[in-house]
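Undergrad: Here you go, one structure.
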Amino acid sequence: MSVRRAERLIRIIQALRQAAPGAVTAQDMGRRFEVSERTIYRDIAHLIGSGAPIDGEAGVGYVLRPGFDLPPITFSYEQLDALALGARFVRATADRDLATAASEALSKIEHALPDTHRERLKSAPLFAAFLDETVRPDAFGPVRNAIAGRRKLRVRYNSLNDEATTRIIRPLALTCFGRVWLLTAWCELRNDFRHFRTDRIERLTVLAESFEDEPGKRFEDMQRDG
């Protein structure tokens, strides 16, 4: 069995597991993986013969019965490249705790991989450079933890126009734009969404007061409306 086919078999299992309620047809999978329906039928037959609990039939579709999972470490080369780049990006731009966590996670994955895949992960020619001291601001770690804990923040913020304000905000998400991290938050001063460059936060206090998700004040609301 070729590497290409082995990878496709894994992706068929993933497609069946992630599918919405209802059967997935061979036509849909063939279109997704750029192979013929006949090839999908052969792959399904191979998976069933190998013990995968797949129900269904040609022309109707297939479902994966609950309780079946793949081995924990099965990655394509493209997925390994993505993991390597992602970890290197985090190490270059995030706070020290998150950078350390990225290195530790990558090390755990490396030790669970076969030799050829381990070497691919270690030698992926994709890098993230640390270009500017301001991309790793002191505020990054506390803000990240406040987002996870749904804790309000009091921030002293200096805008690009050198206008300093103090605000109470609900931190929602951090997004990297080139060399700058932006904090998206619900600003109680403006009663609206606002974006703050984390390197321009002069002072930050994590408040004891927490907040709940409210319609109209969530990150997904900002994405939808904006």
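The values are calculated or read from the model by the stated rules, or taken from the named source; none is laboratory data. What you see is a predicted model, and the numbers here were worked out from it, not measured in a lab. Please note: Cβ atoms are built from the backbone with ideal geometry, for glycine as well, and neighbour counts cover all protein chains shown. The accessibility values were calculated without ligands, DNA or RNA, using every heavy atom of the protein model including side chains. Shrake-Rupley method; radii C 1.70, N 1.55, O 1.52, S 1.80 Å.
Undergrad: Once fully extended, how much extra length lies between residue 158 and residue 68, figured as 0.36 nm per residue of separation less the alpha-carbon to alpha-carbon distance?
TA: Taking 0.36 nm per residue and subtracting the Cα distance, the gain is 27.1 nm.
Undergrad: Multiply the residue gap between residue 177 and residue 82 by 0.36 nm, knock off their C-alpha separation, and tell me the result in nm, one decimal place.
TA: In short, 32.3 nm is gained.
Undergrad: Go ahead and estimate [θ] at 222 nm for the chain from helices alone: -39,500 (n - 2.57) per DSSP H run with n ≥ 4, summed, over the residue count, rounded to 500.
TA: Calculated from helices alone, the mean residue ellipticity at 222 nm is -13500 deg cm²/dmol.
Undergrad: Sorted by accessible area with a 1.4 angstrom probe, largest first, how do 160, 16 fall?
TA: 160, 16
Undergrad: Still on this structure, please answer the following. Accessible surface of residue 179 in the full protein assembly, 1.4 angstrom probe, to the nearest 10 Å²?
TA: That residue has around 120 Å² of solvent-accessible surface.
Undergrad: Another question, then. So if each residue of separation counts as 0.36 nm, and I subtract the Cα-Cα distance between residue 190 and residue 111, what length gain in nm does that give?
TA: Additional length available on full extension: 23.5 nm.
Undergrad: Straight distance only, please: which aspartates and glutamates reach the Cα of residue 217 with their own Cα at less than 18 Å, same-chain residues fewer than 8 apart left out?
TA: Result set, ordered by chain and number: 188, 192, 209, 225.
Undergrad: Accessible area per residue of the chain at 1.4 Å probe, in Å²?
TA: Here the residues of the chain average 60 Å² of exposed surface.
Undergrad: Please state the relative contact order of the chain as a whole percent: Cα pairs under 8 Å, 6+ residues apart?
TA: Relative CO of the chain lands at 13 percent.
Undergrad: For region 173-222, give the percent of accessible area contributed by carbon and sulfur heavy atoms, probe 1.4 Å, rounded to a whole number.
TA: For region 173-222, the apolar C and S fraction of the accessible surface comes to 45 percent.
Undergrad: When you count, for each residue, the other Cβ atoms within 10 Å and take the mean per peptide, how do 145-157, 199-211 rank with the highest first?
TA: The densest-packed peptide leads the list: 145-157, 199-211.
Undergrad: For semi-axes √(5λ) of the Cα gyration tensor in Å, one of (i) 25, 21, 17; (ii) 24, 22, 14; (iii) 44, 24, 15 was computed from the structure I shared and the rest are decoys. Which label?
TA: Checking each listed value against the structure points to (iii).
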